[in-house]
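Here you go, one structure.
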């Protein structure tokens with residue numbers, strides 16, 4: 001196992017309001033970890049700090065990220081009605097951050113694999129601007145996966161999906177996570193699938209973070225999230 005994220009005594013506050021205090025945990029590769037917490041518990045704050053640490057590559061901060069390739073799919077993304085690229089070109093756009101303007105044979109294969117994995121073959125050459133919301137979301141995730149990350153962060157990727165499509169997405173992400181032995185952080189309000197499909201949970205509550213096995217998800221975390229989801233929908 002390789003340590004990907006190391007958090008030591010992390011604290012976050014906005015003015016005098018403390019969001020997270022004295023948070024410490026370690027996450028290794030080859031895991032699907034679900035981040036849980038009520039609105040305002042600090043999920044976005046924590047993920048933003050992790051992303052900033054990955055980008056800065058500082059060696060002295062409270063959060064250390066040892067990932068060579070990080071991919072992030074935000075919860076909300078609007079490309080606009082006049083975005084010109086096809087779904088295939090959009091996915092290919094995210095494969096590399098520098099270097100030659102054309103893709104290698106292996107990179108083209110990564111794109112093709114991602115298109116197939118997320119059931120986008122039939123519409124791959126259509127403009128992404130014309131795709132449905134669900135199709136766009138799959139394209140966003142496919143772009144991130146095609147990048148071959150060792151750390152993939154998904155911010156509520158199933159928030160607009162029904163239970164059937166959510167489970168299908170979980171299965172797809174789980175498969176690629178195991179094949180590539182990456183660390184996946186999945187922010188979610190839905191706990192219905194966590195015990196059976198995830199490896200671990202990070203539960204943010206009362207300014208603290210609890211890390212545990214998904215199959216041992218506390219009743220309090222499970223019930224709180226079910227109530228919140230029922231209230232929203």
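Given the residues 164, 208, 156, 179, which is the only one that is in contact (Cβ under 8 Å) with a residue 40 or more places away in the chain, more than 16 Å from residue 25 (Cβ to Cβ) and surrounded by fewer than 21 Cβ atoms within 10 Å (Cβ to Cβ)? Let's see the steps before the verdict.
Working: 164 fails: in contact (Cβ under 8 Å) with a residue 40 or more places away in the chain; 208 fails: more than 16 Å from residue 25 (Cβ to Cβ); 179 fails: in contact (Cβ under 8 Å) with a residue 40 or more places away in the chain.
It is 156.
With respect to residue 62, determine if the residue is surrounded by 12 or more Cβ atoms within 10 Å (Cβ to Cβ) and under 21 Å from residue 154 (Cα atoms). So that I can check it myself, show each step before the final result.
Details: surrounded by 12 or more Cβ atoms within 10 Å (Cβ to Cβ): yes; under 21 Å from residue 154 (Cα atoms): no.
No: the conditions fail for residue 62.
Would you mind stating whether residue 161 is within 22 Å of residue 47 (Cβ to Cβ) and part of a strand (DSSP E or B)? Step through it out loud before you land on a result.
On the way: within 22 Å of residue 47 (Cβ to Cβ): yes; part of a strand (DSSP E or B): no.
Judged against the criteria, residue 161 is not a match.
Against the condition in the same structural domain as residue 211 (by TED's automatic domain parsing), surrounded by 15 or more Cβ atoms within 10 Å (Cβ to Cβ) and either under 25 Å from residue 5 (Cα atoms) or under 17 Å from the mean Cα position of the chain (by Cα) (or both), how does residue 43 come out, does it pass?
On the way: in the same structural domain as residue 211 (by TED's automatic domain parsing): yes; surrounded by 15 or more Cβ atoms within 10 Å (Cβ to Cβ): yes; either under 25 Å from residue 5 (Cα atoms) or under 17 Å from the mean Cα position of the chain (by Cα) (or both): yes.
For residue 43, the condition - in the same structural domain as residue 211 (by TED's automatic domain parsing), surrounded by 15 or more Cβ atoms within 10 Å (Cβ to Cβ) and either under 25 Å from residue 5 (Cα atoms) or under 17 Å from the mean Cα position of the chain (by Cα) (or both) - is met.
Just one of 106, 86, 24 is over 30 Å from residue 203 (Cβ atoms) and touching a strand residue (DSSP E or B) at 6+ places or on another chain (Cβ under 7 Å); which is it?
On the way: 106 fails: touching a strand residue (DSSP E or B) at 6+ places or on another chain (Cβ under 7 Å); 24 fails: over 30 Å from residue 203 (Cβ atoms).
Being over 30 Å from residue 203 (Cβ atoms) and touching a strand residue (DSSP E or B) at 6+ places or on another chain (Cβ under 7 Å) holds for just one of 106, 86, 24, which is 86.
Being surrounded by fewer than 17 Cβ atoms within 10 Å (Cβ to Cβ) and in a helix (DSSP H, G or I) is the filter here, so list the residues in the range 117-128 that pass it.
Our first condition is that a residue be surrounded by fewer than 17 Cβ atoms within 10 Å (Cβ to Cβ); within the range 117-128, this holds for 119, 121-122, 125-126.
Residues satisfying the conditions are 121, 122.
The values are calculated or read from the model by the stated rules, or taken from the named source; none is laboratory data. Remember, it's a predicted structure, so these values are computed and weren't measured experimentally. Note that each Cβ is placed from the backbone with ideal geometry, even for glycine, and that neighbours are counted across all protein chains shown.
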